[in-house]
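Right, one structure below, let's go through it.
Each value in this text was obtained by applying a stated rule to the coordinates, not by laboratory testing. In this text the structure is predicted, and so the values were computed from the model without any measurement. Cβ sites come from the backbone with ideal geometry, for glycine too, and all protein chains shown count toward neighbours.
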Amino acid sequence: MDCLFCKIAAGDIPANIIYRDDQVMAFDDINPQAPHHKLIVPLKHIATLNDVQPENNALIGHMVLTAKALAKELKVDKEGYRIIMNCNAGAGQTVFHIHLHLLGGRQFKWPPG
Ligand code: AMP
Ligand code: ZN
């Protein structure tokens, strides 16, 4: 399949992978928007949040718990951090394989742009 994150998961495209298990991987975003900017990506290809089904419940929960654990490892858990999933082009999704952005290490504004 012609999918960037499937290719990273398969090892066909390099990335700075900081975590991997049987369900998800996490790596540095190539264009960081904060001092810490990691992507938490399921190994299974799901194009957008609109395609997530009840059977993916545990996987989505595991992505969130992975983000939480990484935030603690990065020592941004106390000061605060943000997780984001963009859905479709209007929200800024550019890679159509779901992923959580984990952003930390700076002050964030609300509402986001
Ligand atoms: P989104 O715009 O929400 O779909 O997020 C896609 C993210 O993937 C962007 O923040 C990009 O900077 C990031 N990205 C694109 N190509 C790569 C790559 N080869 N390795 C790591 N991150 C990437
Ligand atoms: Zn994919």
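Mind sorting PHE96, PHE5 by how few other Cβ atoms lie within 10 Å of their own Cβ, fewest first?
PHE96, PHE5
For MET25, MET63, MET85, MET1, what ranking results if the residue with the fewest other Cβ atoms within 10 Å of its Cβ goes first? If you can, show how the numbers build up before the last one.
On the way: MET25 20, MET63 23, MET85 17, MET1 7.
Listing MET25, MET63, MET85, MET1 from fewest to most nearby Cβ atoms yields MET1, MET85, MET25, MET63.
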**Request:** Run a plain Debye calculation on the chain (Cα atoms as equal point scatterers, no solvent) and give log10 I(q)/I(0) at q = 0.11, 0.21 Å⁻¹, rounded to two decimals, same order as the q list.
**Result:** -0.33, -1.27
**Message:** Could you work out how much longer the chain between PHE96 and LYS109 gets when fully extended? Use 0.36 nm per residue separation minus the Cα distance between them, nm to one decimal.
**Reply:** 2.1 nm
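I want to check a number: in the chain, how many lysine pairs have alpha carbons closer than 15 Å, given a sequence separation of 8 or more or different chains?
Within the chain, the lysine pair count is 5.
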**Message:** I want to check the label-to-label distance for LYS44 and ALA89. Put each point 7 Å from Cα in the C-beta direction and report it in nm to one decimal.
**Reply:** 2.8
